[in-house]
Amino acid sequence: MGERLQRALKRLRKGDLATAEREARAALRAAPDDAVAHNVLGLVLAEQRDHAGAVSAFSDAIRLRVPFPEALINLAMVCNRTGRHEFALRVCDLALAASPGNALALVNRGMAWKGLRQLAEAKRAFELAGAHPMARFNLGHILLLEDDLERGLPLYEERRTVLHTGAGLRGRAWTGDARPEETLLVAPEQGLGDFLLMSRFFATLADRFARVVVHSPAPLARLVATLDPRLEVVTTLARSRWDAWAPIMSLPLLLGVRRLEDVPTAPWLGARLPEVPRERPRVGINWAGNPAFAYDAVRSTSLDTFAPLLAIAGVEWVSLHRGEREHEAEARGLAQPLREARDFLDTAAVLRGLDLVVSTETAIPNLSAAMGVPTCVLCVKDVDWRWTGWYRGVTVCDQDVPGDWSGPIAKAAAVLARRRFGARAQPGA
């Protein structure tokens, strides 16, 4: 591999995607038929969420070198991220024919079966991949979906290896024992929704330690500080001291949760206001999340998808979306009460006054469910374990066909009709 490609990979690992792309394209200009250069460019474009460009680059690599199992595996990865699971299966077959038993090919095969909700096939693929951390991590996902926390939570710990969880943190990793004389640091990981999901355990931690320092993402800090006065909530660790640390997604395992019945589900964040009679139910909707998320292409949609819901008369619809798609709400004349929100404490104040939240899988339904606001989560066909018993008052509105949002929208409309205010919500003309 030439120096330019080595530099491209180095910059890719450091997250400098612009420089990585420049180096990869320079290598291709010098050697247009270099299959490895096309593969490296595909990796960069995939990280930039340019999925079409990545598919094209990987396809060129596969055309120029036969066989090229690494490029086939990368192509399957992008296909899974964009919901093309059946095609990903065919690509994995080619990769496994070229490299029998390849663990990453088996992981991507498992991801494809999982995306199609063929869980037995997915588990078989992950098990065949053996001790590979990605395989064990994703096998843990499936076991959690099946409410097998006894086996699922330990396997889910493989994410520490996959995601380099806790890298650079001083002190020892907490192993679950009570330390009434010590200070525990709760370290964030993954997204805002996961932080909200696990914040239910913070008060329990405060019972077991002299001090609990919660390293919170800035948008959540003021909200998390309302949970328990014993918590020390910080957004930087510059001045903090602790004896032991724990990644936030490890809290159920460390606290001895072994069954779904052990998970506390009573609302714990931003107590909801008592329901008040009003002429029309007020329903908040959100259709898209963070575009930087690897699977955002399948998780998010457009506001046009919600058209059948918005056609229901007698409902006050409000947008809960923040970000690059706010113009879609403007085009439909929807109220946008979160426009002035500084953070999630302000967001909670808005959600507190809603009768129902209908949202794709973002931080919004995690917050509304944690507050006890009735919530419909619009899910891909591959339903996530977080929505299947970890929250009260959540209705999973999942896809019947991968990529088809009409099923989730119809299920959410049925929920709206069934609620006590549903008699006032009638289909529009």
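The values are calculated or read from the model by the stated rules, or taken from the named source; none is laboratory data. Keep in mind it's a predicted model, so treat the numbers as computed, not measured. Note that each Cβ is placed from the backbone with ideal geometry, even for glycine, and that neighbours are counted across all protein chains shown.
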Among the residues of segment 237-250, is there at least one that is farther than 16 Å from GLU157 by Cβ and in contact with a helix residue (DSSP H, G or I) (Cβ under 9 Å, 6 or more places away or on another chain)? no
With under 20 Å from PRO291 (Cβ atoms) and either surrounded by 20 or more Cβ atoms within 10 Å (Cβ to Cβ) or in contact with a Gly (Cβ under 7 Å, 6 or more places away or on another chain) (or both) as the only criterion, which of ALA20, ALA52, ALA24 stands out? ALA20
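With the structure loaded, tell me whether VAL78 is of a type in the set (Val, Ile, Thr), in contact with an Asp or Glu (Cβ under 7 Å, 6 or more places away or on another chain) and either in a helix (DSSP H, G or I) or closer than 16 Å to ALA24 by Cβ (or both) or whether it fails that test. Walk me through it before giving the result.
Details: of a type in the set (Val, Ile, Thr): yes; in contact with an Asp or Glu (Cβ under 7 Å, 6 or more places away or on another chain): no; either in a helix (DSSP H, G or I) or closer than 16 Å to ALA24 by Cβ (or both): yes.
The answer is no for VAL78.
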For segment 344-365, name all the residues that are in contact with a Lys or Arg (Cβ under 6 Å, 6 or more places away or on another chain) and more than 22 Å from ASP296 (Cα to Cα). LEU345, ARG352, LEU354, ASP355
Considering each residue of segment 305-361, count those that are small (Gly, Ala, Ser), surrounded by fewer than 17 Cβ atoms within 10 Å (Cβ to Cβ) and within 27 Å of ALA225 (Cβ to Cβ), and give that number. 3
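For segment 101-112, which residues satisfy the criterion of being surrounded by fewer than 24 Cβ atoms within 10 Å (Cβ to Cβ) and either hydrophobic (A, V, I, L, M, F, W, C) or not assigned by TED's automatic domain parsing to the domain that holds ILE142 (or both)? Even if it seems obvious, please write down each step before you answer.
Applying the first criterion (surrounded by fewer than 24 Cβ atoms within 10 Å (Cβ to Cβ)) to segment 101-112 yields 101-104.
Scanning segment 101-112 gives ALA103, LEU104.
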Every pair of residues 6+ apart whose Cβ atoms lie under 7 Å, when the first sits in segment 401-421 and is not assigned by TED's automatic domain parsing to the domain that holds ALA297 while the second is part of a helix (DSSP H, G or I) and loosely packed, with under 13 Cβ neighbours inside 10 Å: none
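How many residues are hydrophobic (A, V, I, L, M, F, W, C), outside any helix (DSSP H, G or I) and surrounded by fewer than 21 Cβ atoms within 10 Å (Cβ to Cβ) when one looks only at segment 143-186?
Residues of segment 143-186 hydrophobic (A, V, I, L, M, F, W, C): 143-145, 149, 153, 155, 162-163, 167, 169, 173-174, 178, 184-186.
Narrowing further to those that are outside any helix (DSSP H, G or I): 163, 167, 169, 173-174, 178, 184-186.
Next, from what is left, pick out any that are surrounded by fewer than 21 Cβ atoms within 10 Å (Cβ to Cβ): 163, 167, 169, 173, 178.
Number satisfying all stated conditions: 5.
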Contacts under 6 angstrom Cβ, first residue in segment 78-89 being not assigned by TED's automatic domain parsing to the domain that holds ASP404, partner outside any helix (DSSP H, G or I) and among the aliphatic types (A, V, I, L, M), 6 or more apart: ARG81/ALA294; HIS85/LEU116
Return yes when LEU416 is surrounded by 18 or more Cβ atoms within 10 Å (Cβ to Cβ), of a type outside the set (Phe, Trp, Tyr), farther than 24 Å from TRP113 by Cα and modelled with pLDDT under 95 and no when it is not. yes
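Please find, among GLY256, GLY270, the residue that is small (Gly, Ala, Ser) and over 30 Å from HIS327 (Cβ atoms).
Numbers: GLY270 fails: over 30 Å from HIS327 (Cβ atoms).
After applying the criteria, what remains is GLY256.
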List the number of the failed condition for ALA363; all other conditions in (1) free of Cβ contacts under 8 Å to residues at least 40 places away in the same chain; (2) under 30 Å from VAL257 (Cα atoms); (3) of a type in the set (A, V, I, L, M) hold. (1)
